[in-house]
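J.: Below is one structure. I have some questions about it.
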Amino acid sequence: MNKETKSALVLLLVLAILLPTVSFPDPEPVIKWGNLRAELLASGVIDEEKLQAPEMAALRELLTAETDQLVITKENSRAMLNLLWAVGLAQKSPVLEKGPMMDARYGGPENFASTGGWTLARGGAMAHYSQHRLIDLTPEEEGLVAKTARQIYRPCCGNSAYFPDCNHGMAMLGLLELMAASGNDEATMLATATEVNALWFPPLPTGGCAV
C-alpha cells in the first residue's frame, strides 16, 4: 500500500467518525423589524430621554440601525436581549394575558423581574404590559407563538418562555412573536431559540445567566 492510498484511507476513517456528529447550518431565518423599533419609542415603551444615558449606547445603535433584518450575535446579544425584552413586554399577547403570568397565586404580573425590572419605559412597565399592537399576528400565528414558547426553557430558572417571568423569558417571547410574523415555521423558531439561548446562557463555572 503506497503513501497516497494510506492517506486516503485515514481521511475516509476520520470522515466516517466525524460526519454523524457534524451539524451543517441551515439557512439563516428571516426576521424583520418592520416599524417596530420606531413604535417602541413613540409609545414610550422605551423612553427616548432615558435612552440617552451613556450605558444605553449599544441599545441606541440597534434602535437606529438602518437594516430591517434582525440578527443576534455574540457581540450584540446583551443589547438585543434588552430590545427584545421591550418587545415581549409591550406586545399585546394572549401569553401575557391568559398564561401563568396572570396566575393569582403570584399576586399579579407586576411582581415579576420581567416587569419590575424594566425601568426604561415612560410611565412604568405595567403601563405598557400587553398594551401595544407592535406586531400584527394572526390567531394562527399567536397559537404558534404559544406552542413554541411552551417548548423553550431557560437554564437559569427552568421556566419556559410561556412563563416569561424574567428578562430572558420576556425577550424570547418577543423574538418568537417577530419570527412568527416574519413567516418562520415551528422548527425554525425552535432551532433559532436554541441558538439564542446559547448566546444568552453560555456555560459558566458558577451557572446562571451571562447576559
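J.: What distance in nm separates the simple spin-label points at Thr73 and Ala38, each placed 7 Å from Cα in the Cβ direction?
T.: So the label points at Thr73 and Ala38 sit 2.6 nm apart.
J.: At 7 Å along Cα-to-Cβ for each site, give me the label-to-label distance between Ala104 and Thr194 in nm.
T.: Each label point lies 7 Å from its Cα, and together they span 4.0 nm.
J.: Pop out the ³J(HN,Hα) list for the stretch 162-173 in order, Karplus 6.51 cos²θ - 1.76 cosθ + 1.60 with θ = phi - 60°, rounded to Hz; leave Gly and Pro as x.
T.: 6, 10, x, 7, 10, 4, 5, x, 5, 5, 5, 4
J.: Next question. Could you run the Karplus curve 6.51 cos²θ - 1.76 cosθ + 1.60 with θ = phi - 60° over the stretch 44-56 and give me ³J(HN,Hα) per residue in whole Hz, x for Gly and Pro?
T.: x, 4, 10, 6, 4, 5, 5, 5, 7, 4, x, 6, 9
J.: Given R₀ = 25 Å, FRET efficiency for Thr64-Arg150 by Cβ-Cβ distance, to 0.05? If you can, show how the numbers build up before the last one.
T.: Working: r = 34 Å, r/R0 = 1.37.
Efficiency for this residue pair is about 0.15.
J.: So what is the diffusion coefficient of the stretch 33-85 in µm² per second by Stokes-Einstein at 4 °C and 1.567 mPa s, using a Kirkwood Rh over Cα pairs? Don't skip to the answer; put the middle values down first.
T.: Details: Rh = 11.4 Å.
Approximately 114 µm²/s, per Stokes-Einstein.
J.: For the stretch 93-159, what value does the Rg/Rh ratio take when both radii are computed over Cα atoms and Rh is the Kirkwood radius, given to two decimals?
T.: Working: Rg = 13.1 Å, Rh = 13.5 Å.
Rounded to two decimals, Rg over Rh is 0.97.
Read-outs throughout are calculated quantities, based only on the coordinates presented, and are distinct from any laboratory measurement. Everything numeric here is computed off the predicted structure, so don't read it as measured data. When we count neighbours, we look across all protein chains shown, and the Cβ atoms used for this are built from the backbone with ideal geometry, even at glycine.
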